[in-house]
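A quick write-up on the structure given underneath.
Every number in this text was worked out from the coordinates using simple rules, so none of it is lab data. Remember, predicted model here, so these are calculated numbers, not experimental data. Virtual Cβ from ideal backbone geometry, glycine too; neighbours counted across all protein chains shown.
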There are 2 protein chains.
Amino acid sequence: MAGPARGSARALLFALLAPALAALLALLVAPARGRGGRGHGDWDAAGRLPPLPPREDAARVARFVTHVCDWGALATVSAQEPVRGWAFADVLSLSDGPPGAGSGVPYFYLSPMQQLVGNLQENPYATLTLSLAQTNFCRKNGFDPQNPLCAHTILAGTVTKVNETEMDIAKQSLFVRHPEMKDWPASHDWFFAKLNITNIWVLDYFGGPKVVTPEQYYNVTFQ
Amino acid sequence: MAGPARGSARALLFALLAPALAALLALLVAPARGRGGRGHGDWDAAGRLPPLPPREDAARVARFVTHVCDWGALATVSAQEPVRGWAFADVLSLSDGPPGAGSGVPYFYLSPMQQLVGNLQENPYATLTLSLAQTNFCRKNGFDPQNPLCAHTILAGTVTKVNETEMDIAKQSLFVRHPEMKDWPASHDWFFAKLNITNIWVLDYFGGPKVVTPEQYYNVTFQ
């Protein structure tokens, strides 16, 4: 093929392939759809965790940790043999709101099939622990997970079903951060629940746990 | 400055600066020394998590999760007002051995200053939960943290101080994975502890928790 014709053929080929290549590239870089993903609060996927609030503002740190974590460990008193009466630690997903709009209330999406739900039905008192070790914060800063600088919070209270008025907020908070929940099987009788917080401890610096009251916690506003 | 002289001056400058630049570059790329780091089992740092064992081999999956996690959430019965008697969830570092050489025994490095230690002193029964949500496994595969495919394990038992014969193993297991522990202040009266496992549950697939016996768990061998 002669010079100018070959140039045009190449240009045409590029014009045809470029959108396909762009689409392929977009697919490769898009975070997995099942969890978080762009705009869904999965900050680790993009390494875009917001900065930690000043450590002396323990209430704000508690709200921060609760907001950036999308799962945690819940301790319930076991109703299940052979460990009846023991403290039982289990993992559950949570959300206190869409990214950038956290309310501080941890919402859950639970099924009676879960061991922790069986426990809660007998004893609704529970504590939830959330740690920045769950994000890339501690690794990036070289903080061991048990180092208080790798901040974590412990929220104690009762876990109850969400009532009618709060249903939409719970649903929106959870489904934005956990899109696959929409497809979880109806046979599992999923229901929305929340932790009614009565006690809060924050470990974010040396010197021991800081006590934060629910009032202080909920009074925090983020711009 | 004349041509060749300027060239020599540049070469000399480069020869002087290059080692400094190389050292600076090495510092920038070296993982944070405080946690894991190259060869210390911080797999996420290099994205080199070993493959998950076959899900039907629940004992092996339990050993896998216990080995790749270097922290977890421990539930203890609280001895602390105002939540005495409640199940208390807290975060702690752990290690079951150096990378690639896990024994399955979770070792801890604890201080009486920790709330969970105060609890254990009154009631040594506890459960530890460890989840692949703590690694990049679930995110990479698009598994929500509460999806059983994002495997997690619950280990129940008693937490006790490590005795003389096991001290060296505990120390080696922990300090290789958690190098900053070596520098933790002596004033905190750190001691080595372990979970004596009596019950194990594995959630790695649909269909509910799988029970694994301690015998099955400890019989797993990794090549």
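Of all the residues in the stretch A:154-195, those that are part of a helix (DSSP H, G or I), touching a residue at least 24 places away in the same chain (Cβ under 8 Å) and among the hydrophobic types (A, V, I, L, M, F, W, C) number 6. Number of residues in the stretch B:56-85 that are buried (at least 23 other Cβ atoms within 10 Å of the Cβ), assigned to a loop (DSSP other than H, G, I, E, B) and over 19 Å from the mean Cα position of the chain (by Cα): the value is 1. Across the stretch A:179-197, not a single residue is classified as more than 24 Å from residue A:121 (Cα to Cα) and either in contact with a strand residue (DSSP E or B) (Cβ under 6 Å, 6 or more places away or on another chain) or buried (at least 20 other Cβ atoms within 10 Å of the Cβ) (or both). Considering the stretch B:119-163, the residues that are at the interface with another protein chain (Cβ under 8 Å from one of its Cβ atoms) and of a type in the set (Val, Ile, Thr) include one that is farthest from residue A:183 (Cα to Cα), namely B:127. On inspection, residue B:213 fails the criterion of being within 21 Å of the chain's Cα centre (by Cα), surrounded by fewer than 19 Cβ atoms within 10 Å (Cβ to Cβ), more than 9 Å from chain A (Cβ to nearest Cβ) and not acidic (Asp, Glu).
Sub-7 Å Cβ pairs linking a first residue in the stretch B:89-114 that is outside any loop (DSSP other than H, G, I, E, B) to a second residue that is surrounded by fewer than 22 Cβ atoms within 10 Å (Cβ to Cβ) and polar (S, T, N, Q), at least 6 apart or interchain, are B:90/B:115, ordered by first then second residue.
Out of all the residues in the stretch B:125-144, is one or more under 14 Å from residue B:193 (Cα atoms), in contact (Cβ under 8 Å) with a residue 60 or more places away in the chain, within 14 Å of the chain's Cα centre (by Cα) and not in a loop (DSSP other than H, G, I, E, B)? Checked the stretch B:125-144: at least one residue is under 14 Å from residue B:193 (Cα atoms), in contact (Cβ under 8 Å) with a residue 60 or more places away in the chain, within 14 Å of the chain's Cα centre (by Cα) and not in a loop (DSSP other than H, G, I, E, B).
Condition (residue is at the interface with chain A (Cβ under 10 Å from one of its Cβ atoms) and of a type in the set (D, E, K, R)) applied to the stretch B:195-210: is it met by at least one residue? For the stretch B:195-210, residues at the interface with chain A (Cβ under 10 Å from one of its Cβ atoms) and of a type in the set (D, E, K, R): absent. When the stretch B:96-118 is examined, which residues are found to be at the interface with chain A (Cβ under 9 Å from one of its Cβ atoms) and out of contact with any helix residue (DSSP H, G or I) (no Cβ under 8 Å at 6 or more places or on another chain)? Selection gives B:114, B:115.
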